[in-house]
Amino acid sequence: QVLRADAARGALDSLLLPDIPVAYSRSSSVASGSSNAKTFKSDYGNSSPHVNNTGVELIIRAMMAAPDKSLVIMCTACLGDVSEVIETRRDLFANKVKEVILMGFPAKSVRRRSSIEPEASGMDADDELRRKVFQSCQDLGIATVILCKEIALGFPFPSTFVDDLAETNHMVSLQTQHREEMHSNGIWELTKQLQQEARGYRGSLKNVDLKAFYKYTLSNKSPPAGQHNIWPLVKSINLELVLGLLCCIPMYRDYFKWEVHSRGGAEHKISRHMSASAGVIKPDNLSSEIHMLIGVSLRTALNNTSC
């Protein structure tokens with residue numbers, strides 16, 4: 001969480017959005033040399049004195065400053081702070097929050113009269129926090145929007161779009177291009193290694209979904225075994241967080257396929273991953289819209305930066 005927060009702070013500053021506060025949970029820590037550290041280390045993600053572990057206080061301040069039933073909260077992971085706010089300031093949460101968007105949490109199939117519940121992840125602490133947030137929203141009559149796990153699989157945002165955004169020379173776009181290219185090529189090298197091992201031992205690929213990689217990332221096209229750079233062939237990068245942000249804006253909800261359930265006087269919407277179009281209606285149109293929105297934000301930030 002600390003590394004994510006530092007990266008968010010740096011990215012917001014580079015987009016000329018310094019007034020948006022960033023904080024993380026008190027329970028967070030940084031493990032030096034961890035895989036997360038490697039993933040989130042970037043030129044715009046250096047440690048910032050303007051980021052601290054007051055996540056709960058930040059949520060409460062935002063709620064107290066907001067009109068009643070006006071806030072939309074998007075939860076991507078680490079629900080400890082949101083759960084704590086619900087537990088300690090339940091009335092305030094109920095009065096100020098109109099909707100909670102939950103990202104990447106698989107939801108069980110919903111029966112006619114049953115509660116909406118998350119699938120177990122096998123991590124007891126996280127499962128309990130998710131269950132609390134899911135149930136509290138239903139008890140308090142707060143609407144929820146759930147984008148299920150793997151919702152972004154196969155969403156059409158090709159490497160050519162990333163390359164085009166990198167031509168702005170904004171450091172966020174350049175870092176994103178570099179990280180995504182390294183990530184895609186790393187997966188490809190691992191895939192080749194696993195395929196080689198599988199020839200001598202059938203069990204090697206038991207827990208690796210290579211079909212999904214070919215289907216969603218490469219659009220069913222297999223590169224030659226000797227090819228090392230597959231970046232030009234990538235047809236889908238992970239835009240899960242972008243799709244979540246768009247769900248905060250009502251006009252973009254029409255792009256998603258929803259199952260709708262009413263509980264406690266509130267609507268609860270779920271979008272599941274059903275096909276290569278990722279539960280999205282007209283995915284190519286939405287992809288072009290995202291490409292345009294990101295490009296405008298990057299170019300606007302650069303044009304407004306004082307030299």
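Numbers for the structure displayed
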{"item": "Matching residues, segment 161-174, being open to solvent by less than 30 Å² (accessible area, probe 1.4 Å) and over 19 Å from ASN303 (Cα atoms)", "result": "VAL162"}
{"item": "Some residue of segment 61-69 being under 22 Å from ILE270 (Cα atoms), at pLDDT 75 or above and assigned to a loop (DSSP other than H, G, I, E, B)", "result": "yes"}
{"item": "Count - residues of segment 4-58 that are open to solvent by 30 Å² or more (accessible area, probe 1.4 Å), of a type in the set (A, V, I, L, M, F, W, C), at pLDDT below 75 and part of a helix (DSSP H, G or I)", "result": "1"}
{"item": "Test for ASN229: is it at pLDDT 90 or above, closer than 21 Å to ASP164 by Cβ and assigned to a loop (DSSP other than H, G, I, E, B)", "result": "yes"}
{"item": "Filter result for the condition that a residue is in a helix (DSSP H, G or I) and over 23 Å from the mean Cα position of the chain (by Cα), over LEU293, LEU302", "result": "LEU302"}
{"item": "Restricting segment 176-192 to residues that are within 13 Å of TYR214 (Cβ to Cβ) and not hydrophobic (A, V, I, L, M, F, W, C), the residue that is surrounded by the fewest Cβ atoms within 10 Å (Cβ to Cβ)", "result": "LYS192"}
{"item": "Residue match in segment 253-269 (condition: out of contact with any strand residue (DSSP E or B) (no Cβ under 9 Å at 6 or more places or on another chain) and at pLDDT 90 or above)", "result": "yes"}
{"item": "Pick from segment 118-160, criterion among the charged types (D, E, K, R), buried (at least 17 other Cβ atoms within 10 Å of the Cβ) and part of a loop (DSSP other than H, G, I, E, B), ranking: modelled with the highest pLDDT", "result": "GLU150"}
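The values are calculated or read from the model by the stated rules, or taken from the named source; none is laboratory data. A quick note: this is a predicted structure, and the numbers were derived from the prediction, not measured. Cβ atoms come from the backbone with ideal geometry, glycine included; neighbour counts cover every protein chain shown. We work out accessible area using only protein heavy atoms, side chains counted, and drop any ligands, DNA or RNA first. Shrake-Rupley method; radii C 1.70, N 1.55, O 1.52, S 1.80 Å.
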